[in-house]
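Working notes, structure below.
What follows is calculated from the coordinates using simple rules that are stated; it is not laboratory data. Quick caveat: nothing in here was measured; it's all calculated off a predicted structure. As a convention, Cβ positions derive from the backbone with ideal geometry for all residues, glycine included, and neighbour counts pool all protein chains shown.
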Amino acid sequence: MDRINIVQITAFVSVFVSVLLAVFLFSVKTKNKLSNSLFAWFLLWSAVDISGWFIFPVLRDHLDLEMLRGQTSWFIMPFFYLYVLSACYSDFKLKPKHLWHICWFLAGNLLVTPRFYLADLAGKTLYFENFGEMPESILQRIFSDLQFAFYIVAALLVLKKYKRIYQENYTDSSTMTYKWLMQLILLSIVAHCIVIVKQSFMFTGDTNLFIWSTVVVSLMALSIVCWFVLKALNYPELFRGVDSKLKPIQQKRVDVLRDQQQDPAGNAKEVDGKIEQLKHYMKTVQPYLEPSLTIQDLADQMKMPVKDLSILINHQLDQHFFDFVNEYRIEKAMAILRDPQKSKLTILEILYEVGFNSKSSFNTAFKKHTNLTPTAYRNVIHDEVVV
């Protein structure tokens, strides 16, 4: 089997698996319908792009259609970005303003219209025979790289804001959405860099090196698609979005500082009273035992405006809501680990009892608070008792 066949076979398998996964995402019943659909479209446009490795012989007599197929690659990054938005924000909806993303596709087609779409059959054939050397093709590769960089930076900014808001408003330690999207972005960057290196071999004149690099890229594409499938199988409920109307606490501090300047003594006394009220509530009612507790839930329980509670914790106590609640969970876990009557409880039983829902997040939070793992802390306490 020669290298060209390897490329064609791996590309065909990649396309087949991508389409299969896209169909699954379109049809599966879930609350993440829009998010799944956007990711499915991202997969489909990627599949159309990858199909170029084996479909050209079929479209040889339909060059307009082949050119249009190639131009659809402009849709890949816009759908990737929209998917990131939908995965991060639970209230995300497609709006007319999002239609501006189609401008890339329109501009790409407009660029090749004079010398391709308006040319006769001989002109179109000549265009494809010299495709890599055509000024339009070179310009499109440059703008494609710029488009990729633009959307990657935009996605990273969205993810940065999402993480901050999540930590300030939620305690569910499952940050799977953030990890998945960050992995996806980093993988995209690596893959794109490899493709750029492959394309550079086109200008070296070394056909053998270019073909081998194409084989590597095709195998990489297949590996990425398989990774998508494994993620879908292992984590069918991947996403938890935040409300896009929520703002990072830094944007609320202006109001706090203004109020403090108007009546510093009165406000300081009021703040101290609210802090004591909050701490008393956390110790007596123990709302942190609920794994999915959010700052909105706690505000409702305390009959306090969520904005005031958010400022109280994130600004006055200088803690993310995530860390604030976890401190109470860890303190309770430490008390259980010190209790001789509960020495038979496993670490897993303890973490569920204090409000965590995964061993890894419990160990991370416990070590951050005590510099010890739960098991090491229990052993230290046991040794002290024996001595």
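Between 53, 10, 20, whose Cα lies farthest towards the positive end of the dipole of segment 1-61 when Lys and Arg beta carbons carry +1 and Asp and Glu beta carbons carry -1, centred on the Cα centre?
Of the options given, the answer is 20.
Quote the charge dipole size of the chain about the Cα centre in Debye, to the nearest 20; the model charges only the Cβ of Lys and Arg (+1) and of Asp and Glu (-1).
Details: 40 positive and 35 negative charges, 107 e Å.
For this selection, approximately 520 debye.
With no solvent and one equal point scatterer placed on each C-alpha of the chain, evaluate the Debye formula and give log10 I(q)/I(0) for q = 0.07, 0.14 Å⁻¹, two decimals.
The Debye formula, applied to the Cα set alone, gives -0.48, -1.20.
May I ask which residue of 285, 227, 191 lies farthest towards the positive end of the charge dipole of the chain, with charges of +1 (Lys, Arg) and -1 (Asp, Glu) on Cβ and the Cα centre as origin?
Farthest towards the positive pole: 285.
At a Förster distance of 22 Å, what's the computed FRET efficiency of residue 317 paired with residue 179, Cβ-Cβ distance as r, to 0.05?
Values: r = 27 Å, r/R0 = 1.22.
Efficiency, from the Cβ-Cβ distance: 0.25.
Holding the Cα-Cα limit at 22 Å, pick out from 33/179; 97/307; 33/93; 161/367; 283/342 the pairs that are longer than that. Numbers along the way, then the final one.
Values: 33/179 20 Å; 97/307 29 Å; 33/93 11 Å; 161/367 26 Å; 283/342 20 Å.
In this structure, 97/307; 161/367 exceed 22 Å between Cα atoms.
Treating the beta-carbon of each Lys and Arg as +1 and of each Asp and Glu as -1, no other charges, what is the dipole magnitude of segment 1-125 about its Cα centre, to the nearest 20 debye? List each step's numbers first, then the result.
Values: 11 positive and 7 negative charges, 107 e Å.
The calculation lands at about 520 debye.
Count the net charge of all other residues whose Cβ sits under 9 Å from the Cβ of residue 127, scoring Lys and Arg as +1 and Asp and Glu as -1. Before the final figure, lay out each step's value.
Working: positive: 115, 124; negative: 129, 136.
Summing Lys/Arg as +1 and Asp/Glu as -1 gives 0.
May I ask you to list, by number, the DSSP H helices of the chain whose Cα span along the axis is at least 27 Å and whose average Kyte-Doolittle hydropathy reaches -1.0 or more?
Working: long enough: 3-27 (36 Å, 2.01); 135-169 (51 Å, 0.20); 176-200 (36 Å, 1.26); 207-234 (40 Å, 1.65); 264-285 (31 Å, -0.84).
Helix filter hits for the chain: 3-27, 135-169, 176-200, 207-234, 264-285.
If I take R0 = 45 Å and measure r between the Cβ atoms of residue 344 and residue 270 in this structure, what FRET efficiency does the formula 1/(1 + (r/R0)^6) give, to the nearest 0.05? If you can, show how the numbers build up before the last one.
Numbers: r = 46 Å, r/R0 = 1.03.
The pair residue 344/residue 270 has a calculated efficiency of 0.45.
Under 5 Å between amide H atoms, partner at least 5 residues away or on a different chain: which partners does residue 170 have, H built in plane at 1.01 Å?
295, 322
Using the beta-carbon distance between residue 331 and residue 160 and R0 = 25 Å, what value does 1/(1 + (r/R0)^6) give for FRET efficiency, to the nearest 0.05? Mind dumping the intermediate values first?
Working: r = 30 Å, r/R0 = 1.21.
Given R0 = 25 Å and the Cβ-Cβ separation, E is 0.25.
Using only the Cα atoms of segment 75-153, what semi-axes does the equivalent ellipsoid have when each is the square root of 5 times a gyration tensor eigenvalue? Give whole Å, largest first.
Over the Cα atoms of segment 75-153, the semi-axes work out to 33, 14, 9 Å.
In the chain, once you exclude exposed trypsin sites (Lys or Arg not before Pro) (DSSP loop, at most 14 other Cβ within 10 angstrom), what's the longest stretch remaining? Display every interim value, and only then the final one.
Numbers: sites that count: 29, 31, 60, 93, 245, 303, 344.
Answer - 94-244.
Arrange 195, 58 by Cβ neighbour counts within 10 Å, fewest through most, would you?
Working: 195 18, 58 11.
Exposure proxy ranking, most exposed first: 58, 195.
Using a 10 Å cut-off around each Cβ, can you sort 289, 309, 298 from fewest to most neighbouring Cβ atoms?
Working: 289 14, 309 20, 298 26.
Going from sparsest to densest Cβ surroundings: 289, 309, 298.
Could you work out Rg/(2.2 N^0.38 Å) for segment 116-189, with Rg from alpha carbons only?
Numbers: Rg = 20.9 Å, N = 74, 2.2 N^0.38 = 11.3 Å.
Output field value: 1.85.
Tally Lys/Arg at +1 and Asp/Glu at -1 over every other residue whose Cβ is under 15 Å from the Cβ of residue 349; what's the total?
Working: positive: 329, 332, 342, 344, 359, 378; negative: 339, 353.
With Lys, Arg at +1 and Asp, Glu at -1, the net is +4.
So what's segment 3-234 giving for Cα Rg divided by 2.2 N^0.38 Å, two decimals?
On the way: Rg = 18.9 Å, N = 232, 2.2 N^0.38 = 17.4 Å.
Relative to the rule-of-thumb radius for its length, segment 3-234 sits at 1.09.
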